[in-house]
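For reference, the structure discussed in these notes is given below.
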Amino acid sequence: MADRIVDIADGFWNIIGSFKIGLLDIGTQASLVRLSSGKFVLLDAYELKGDVKDKVMSLTNDGKDIEAVIHLHPFHTVFVKPVAAMFPEAKQYGTIRHHQKAPELTWEPELTDQPDFHKLYEEDFIFSVPKGVDFIPDNEDLHFASVLAIHKASKTLHVDDTLIWLSFPLIGGLKFHLTFKKVLQKRPGAAAEFRQWANEFIELCGDVKHICAAHAKKEVPSPEKRASTKELVQGAFSRIESTLNKHEKQFG
């Protein structure tokens, strides 16, 4: 799959790249975002090359205007080191797992899944972290939880794995990641916590027009060609309510 950069909205560019598991290319993403200050951040990491790299460099004064790389998914770590080397002046923010996987890098102390980091960029972003689930499960095949980022100015949602976009006819659309059931914490109240988080996030999506989802390979259709983002997230949630109800009967 050829790398490409998509102009999503004013100040927001989504980078769609290749990521292979064996022979299967499941794709991956990063996003370049212009802040209200005029500087830029990268949401997630992807090793830029060719025309995509040229475009990013032309937008960011050869990378000098990228003030930070913000890693939002604890299990998206493959490109952390190459991107840090590409933009050595940028601050590096990540989860504790990013710190553990690349301890030789200079990490900022604020973790991207915590409120003290969210306050640093609250002028430009709304960050949301699912509740009631394991954020970094022991089973490293369970990639459900991430930090979801809404860029206020462009009304764009950048999400890795927690919500996925499937382009298949009839069964496609926006869905919560299939590993949800396995990461829902086996304790009383976990289902209620996730339900409350989901309902709050659905309301946050009332103003969101654009969706950038990891592994989509094809862009999510434009707002004019699909239901509203709020309706899509509500629909995704309705499909997992039975799982939450069963969980509550078992654990409370």
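The numbers here are math on the coordinates, done by the rules we state, and not lab data. Keep in mind that what you see is a predicted model, and the values were worked out from it rather than measured. In this analysis, Cβ positions are derived from the backbone assuming ideal geometry, glycine residues included, and neighbour counts consider all displayed protein chains.
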Using bins 5 angstrom wide from zero, how does P(r) for region 111-154 break down, in % of all Cα pairs?
5, 22, 25, 19, 15, 8, 4, 1
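Report, in debye and to the nearest 20, how large the dipole of region 4-251 comes out about its Cα centre when Lys and Arg carry +1 and Asp and Glu carry -1 on their Cβ. Before the final figure, lay out the partial values.
Details: 31 positive and 34 negative charges, 169 e Å.
Computed about the Cα centre, the dipole is about 820 debye.
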Rounded to the nearest 20 Debye, what is the dipole magnitude of region 49-91 about its Cα centre when Lys and Arg each give +1 and Asp and Glu each give -1 at the C-beta?
160
All alpha-carbon distances of region 47-146, grouped into 10 Å bins from 0, give the whole-percent distribution 14, 42, 34, 9, 0
Over all Cα pairs of the chain, how is the pair count split among 5 Å bins, expressed in % and running from 0 up to the last occupied bin?
1, 6, 14, 18, 20, 18, 13, 7, 3, 1, 0, 0
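What pairs in K53/K225; K182/K225; K91/K230; K131/K182; K101/K209; K39/K230 have C-alpha atoms more than 23 Å from each other? Please report the intermediate quantities before stating the final value.
Working: K53/K225 30 Å; K182/K225 33 Å; K91/K230 33 Å; K131/K182 14 Å; K101/K209 34 Å; K39/K230 29 Å.
From the list (K53/K225; K182/K225; K91/K230; K131/K182; K101/K209; K39/K230), the Cα-Cα distance tops 23 Å for K53/K225; K182/K225; K91/K230; K101/K209; K39/K230.
Quick check: residue separation of K81 and D141 times 0.36 nm, minus the Cα distance between them. What number comes out in nm? Kindly include the intermediate steps, with their values, before the conclusion.
Working: separation 60, 0.36 × 60 = 21.60 nm, distance 2.14 nm.
Length difference between fully extended and current span is 19.5 nm.
How long are the three semi-axes of the equivalent ellipsoid for region 108-204, computed from the Cα gyration tensor as the root of 5 times each eigenvalue, in whole Å, largest first? Mind dumping the intermediate values first?
On the way: eigenvalues 96, 73, 35 Å².
So the equivalent ellipsoid measures 22, 19, 13 Å along its semi-axes.
Tell me the mean residue ellipticity at 222 nm calculated for the chain from its helices only (DSSP H runs of n ≥ 4, each -39500 (n - 2.57), averaged over every residue, nearest 500).
On the way: 8 runs with 69 residues, N = 252.
Value at 222 nm, helices only, nearest 500: -7500 deg cm²/dmol.
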Counting DSSP beta bridges with both ends in region 4-251, the antiparallel % (nearest 5):
70
Applying a 10 Å radius around every beta-carbon, put 116-124, 135-143 in order of their mean neighbour count, most first.
116-124, 135-143
